[in-house]
């Protein structure tokens, strides 16, 4: 009994610490689960309202807090909740063996749309889409040759903004060497690196310069990889190796492991370029060494797919994020980047040329 | 040959030690008793309930007016905890499909856990189930998707491949320990890393990738290489039961099992009695690796999971927990495996239906282990009998 008393005392004292003697926000029927809470009801009114539509999401084994593509995709779901007034549910995967179960669990929760994150979920998503014709499925970073009518691939031509970043890097490099490394030698990673290399080549061609890229060769498809998306230490040593080879701009494409690359850039006083999200927002502590970031708008794509589903406009055509539709973009320059107007104008010009199809990237 | 891992030095006998603790080796004596395990699970669920309460926005909010309407807090907490745990039960044993899910998740844990158990009984801490599983997966996957063979034969070959390669990988650590005295904890952990790069290497090759794709993702194995399924449950899970019975028989009834236990209890004494300690180390690790290979075949050949570098998930490491929680006995491992399978399957429904944070199921598992590893704390809280008694039961339970 003494234990019970102790536990009770603990609960009460924590209540005392946390609590004031505030007022109950809703006296009438606070137990109703649908009642919006005070904090939610003060937020902006939804632009659209689909209270009967339930949008759901399954992560891959990185989890929704990976500061990378799962998290960005999840932001799309959260934006949909706010902007479209849909209900949401989500499940994190711990291992590839769970993918099919996780999708089925959400189907059972009467989700109208289910977004899965990453190519590893490709099989499981296709199988679930075939079995559940009434649910709209979309999958981030993957596309099928022949998708069922209720399955949409969300892909991103990140080579386009990476091309601009490569041009920018080449223009800013003083040593004439820039470096890039990836997490794994897989297409969704190397597409960034290929675009980056092409951007540098474009600069060399236009300006008659000879800026070298180390860490990726699009011809042989070989380069520098950490083989790990988690370990900051590995990212740091990859970057440091490049810095000793003279690189003064580092472009890590390795998710959280890439943060180590920015750390190395900061330690050695060279520039970094971030991927997926605007580094000055997601990795603020390294903002001072960032030239820019290559943004992959997974949140935009996910929200769009949910919006289409909620408005009965869902189709199975593969979404390709481009500079044109805003699915990919170059982030605002870093605060210390000091990009002169002339260079900025060139970048904007190149951007337009890519949109107009005068330059093909990738 | 000297053995650096044992805590009992042959040249310096300890006459002051009581007879019963000599029976149980130092490694075994901190394993939990049944009562401790149950108490640990209960305690973990209680702490979990508090976590559920304080991860529910409505409960937190009701604290702000706790003194005006204290009942709200208790009501909302009650609802949140009830919702969460009822989802846990529903998702693990509440329906046919959730039972299938529980068993499917438990089976590989049990197999790999048995491998850890067996090595443990031989006095070795096998951290290498993960790497052994990965190697097994490479073999089972390659045989499964690369060849076209008749139904039945294909399955047997793929299964044999997983078991053989897993066994070889485990055997390396056993061999290193037996011949060079290299500590198995270090070698198995390192072999886990090596295993991960081995599968990455293979996944980088055309033959292991899907046509027209560069992704590090293999095709699933052909249908001819899969376990037959009944009611959505692949029958590979039966092999987990067979394996548990086999290991029980091996440990408790066979001469070799006696040698394993003798070496685990005191390698010097076993050597003096004429047993080959090296042989026991090697064979125990080979069989442990074979069990890991069997574990991963449940995924590759049972559920047709394609090979990725994460094919083993965290099963290889959870298996260590399962074996410890199961007191390194075959029956205990089966029960602990089922518990973890249920927690994992139910954790999913907690997330999907009750909106409980996904980490909670894992936190529950971690708490159970934590409380298992701190028996004094649990005994104190639950007024269980003290140390001496526990060790006495332990020694008997281990068959002395």
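Where is the GNM fluctuation largest for chain A (alpha-carbon springs, 10 angstrom cutoff): A:70, A:136, A:110?
Per the Cα network of chain A with a 10 Å cutoff, A:110 tops the list.
Label-point separation (nm) for residue A:241 and residue B:89, each offset 7 Å from Cα along Cα-to-Cβ?
Each label point is offset 7 Å from its Cα along the Cβ direction, giving 5.5 nm.
Based on other C-beta atoms within 10 Å, arrange A:234, A:108 from fewest to most.
A:108, A:234
Run the simple label-point estimate for residue A:339 and residue A:233 please: 7 Å along Cα→C-beta, distance reported in nm.
In this crude label model, residue A:339 to residue A:233 measures out at 3.6 nm.
Roughly how far apart, in whole Å, are the Cα centres of segment A:152-222 and segment B:186-243?
34
Can you pull the semi-axes for segment B:96-160, root of five times each eigenvalue of the Cα gyration tensor, sorted largest first, whole Å?
Rounded to whole Å, the semi-axes are 26, 19, 10.
Using the basic label-point model (7 angstrom from Cα toward the beta carbon), what is the residue A:269 to residue B:47 distance in nanometres?
Simple spin-label model gives 4.9 nm for this pair.
Where does each of B:38, B:237 land when they are ranked from fewest to most other beta-carbon atoms within 10 angstrom?
Least crowded to most crowded, the residues run B:38, B:237.
Assuming R0 = 51 Å, what is the FRET efficiency of residue B:148 and residue B:69, from their Cβ-Cβ distance, to the nearest 0.05?
Numbers: r = 69 Å, r/R0 = 1.36.
Here the calculated transfer efficiency is 0.15.
Under the Kirkwood approximation for Rh and a Cα-based Rg, what ratio Rg/Rh is obtained for chain B?
With Rh from the inverse mean 1/r over Cα pairs, Rg/Rh is 1.02.
Given segment B:64-213 reduced to its alpha-carbon atoms as identical point scatterers, what log10 I(q)/I(0) does the Debye formula return at q = 0.10, 0.11, 0.14 Å⁻¹?
Summing over Cα pairs of segment B:64-213 leads to -0.58, -0.66, -0.85.
For a protection proxy built on the mean count of beta-carbon atoms within 10 angstrom, sort B:341-351, B:73-83, B:152-162, B:310-320 highest first, please.
B:341-351, B:310-320, B:152-162, B:73-83
Find the centroid of the Cα atoms in segment A:253-329 and in segment B:123-179, then give the distance between the two in whole Å.
What the calculation gives is 40 Å, centre to centre.
Return the average number of partner chain Cβ atoms within 10 angstrom of each residue Cβ along peptide B:204-215.
For this peptide, the per-residue mean of nearby foreign Cβ atoms is 2.
When all alpha-carbon pairs of segment A:211-362 are counted, what percent fall beyond 21 Å?
54
So what's the protein assembly as shown giving for Cα Rg divided by 2.2 N^0.38 Å, two decimals?
1.04
Under the classification rounded if a/c is under 1.5, otherwise prolate if a/b is larger than b/c and oblate if not, where does segment B:188-276 fall, given a ≥ b ≥ c as square roots of the Cα gyration tensor eigenvalues?
Cα axes put segment B:188-276 in the oblate bin.
Step by step: find N for chain A, compute 2.2 N^0.38 Å, then divide the Cα radius of gyration by it. What's the final number?
Compared with the compact-globule rule of thumb, chain A sits at 1.13.
If you wrap a convex hull around the C-alpha atoms of segment A:278-362 and split its volume per residue, what is the figure in Å³? Don't skip to the end; give the middle numbers.
On the way: hull volume 10.1 nm³, N = 85.
Roughly 119 Å³ of hull volume per residue.
One quarter of the convex hull surface, Cα atoms only: what value does that give for segment B:278-354 in nm²?
That works out to 6.6 nm², a quarter of the Cα hull's surface.
Which percent, nearest 5, of DSSP beta bridges in the protein assembly as shown are antiparallel?
Details: 8 of 44 bridges.
About 20 percent, rounded to the nearest 5.
For segment B:106-338, count the residues as N, evaluate 2.2 N^0.38 Å, and divide the Cα radius of gyration by that value, please. Please report the intermediate quantities before stating the final value.
Numbers: Rg = 17.3 Å, N = 233, 2.2 N^0.38 = 17.5 Å.
Ratio of Rg to 2.2 N^0.38 Å for segment B:106-338: 0.99.
Which value at 222 nm does the protein assembly as shown reach when only helices count, each DSSP H run of 4 or more adding -39,500 (n - 2.57), with the total divided by all residues and rounded to the nearest 500 deg cm²/dmol? Can you show the working numbers first?
Working: 30 runs with 427 residues, N = 762.
Taking each H run of at least 4 residues, the total per residue is -18000 deg cm²/dmol.
Only Cα pairs within less than 10 Å get springs; with that Gaussian network setup on chain A, which residue of A:173, A:220, A:282 has the largest fluctuation?
So, out of A:173, A:220, A:282, the one fluctuating most is A:220.
Since every read-out is calculated from the coordinates, none of them should be taken as a lab result. Being a predicted model, the structure only gives us computed values, none of them experimental. Cβ: placed from backbone, ideal geometry, glycine included. Neighbour counts: every protein chain shown.
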